[in-house]
């Protein structure tokens, strides 16, 4: 049975709020944990919550062989890489700017589509160019310090997180699903959890999680056990009930809410480059979405 439109719009609003608040809250959590260790703990909590949710719904099932490629690619790219890269970027850059840079995934999809032989309209190419201009403005070239390795790394990590997400999007779009995306979620989260717990001690041997710190549990409980699973469920329900372009356009509210909530929660200033750059990136993504609907 399809979700009633009014409920779907409420779920869409819930999705925007939960994901929009997650960026400054993750920034708070990183005060008490190193990036990869925090990402691994977040994935483990989300996997546990997803398994519990599917068990309560009576829908927990082992994925068929045909769905394992998408389980592995989403688990590795959209979850493990995205969690790790965004945390590494958030360690170096403000939360609001980070959310905008990570949401360039829709822009990355266009050149990836060209690489695999899909048709891309001129309007989508213009949207990508507009988004690139926004990324340049966000970096604030007159004040950008190429000698500050942390700032350079932060921008690169966040753009790479968008690329990893975009590769997963292309695979998701071309995959013939047997399970629903919700039914595949706990297995994808399990893949991400395993990869991140392998990577964390190898890449960050001195990494840590300060389990006595309130900031750690604020971040982990909110994004790992609450916002992640609930927002994912809401997003899947919305995608089944509303036209894809409606959900995609509305989700552009996530980086906007991230910027506003970052002002309140982590005292991030709203600068002119952030305002103009975010506007250009979001406008570019909107053009791409409308072109590829």
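Bear in mind these aren't lab numbers, they're just calculated from the coordinates by the rules spelled out. As the structure is a prediction and not an experimental result, all values here were calculated from the model. Positions of Cβ are generated from backbone atoms using ideal geometry, with glycine treated the same way; all protein chains shown enter the neighbour counts.
Summary table
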quantity	calculated
Estimated 222 nm signal from helices in the chain, with DSSP H stretches of n ≥ 4 weighted -39500 (n - 2.57), rounded to 500	-23500 deg cm²/dmol
Bins of 5 Å from zero: percent of alpha-carbon pairs in the chain	1, 6, 11, 16, 20, 18, 15, 9, 4, 1, 0, 0
Per-peptide average of other Cβ atoms within 10 Å, ordering 88-97, 66-75 highest first	88-97, 66-75
Rg(Cα)/(2.2 N^0.38 Å) for region 70-227, N = residue count	1.15
Residue exposure sequence - 189, 260 - by fewest surrounding Cβ within 10 Å	260, 189
Residue among 150, 43, 168 with the largest mean-square fluctuation in a Gaussian network model of the chain, springs linking Cα atoms under 10 Å	150
Between region 1-76 and region 78-100, the alpha-carbon center distance in angstrom	16 Å
Mean shadow area of region 76-117, taken as a quarter of the surface of its Cα convex hull (nm²)	3.3 nm²
Three-way shape label, region 31-162, alpha-carbon gyration tensor, a/c 1.5	oblate
Highest average packing first - 216-224, 79-87, 265-273, 55-63, Cβ atoms within 10 Å	79-87, 216-224, 265-273, 55-63
Ranking of 19, 51, 144, 38 by count of other Cβ atoms within 10 Å, fewest first	144, 51, 19, 38
For region 1-77: span of alpha carbons on each principal axis (Å, largest first)	43, 36, 23
Distance between region 204-229 and region 107-154 - C-alpha centres, whole angstrom	31 Å
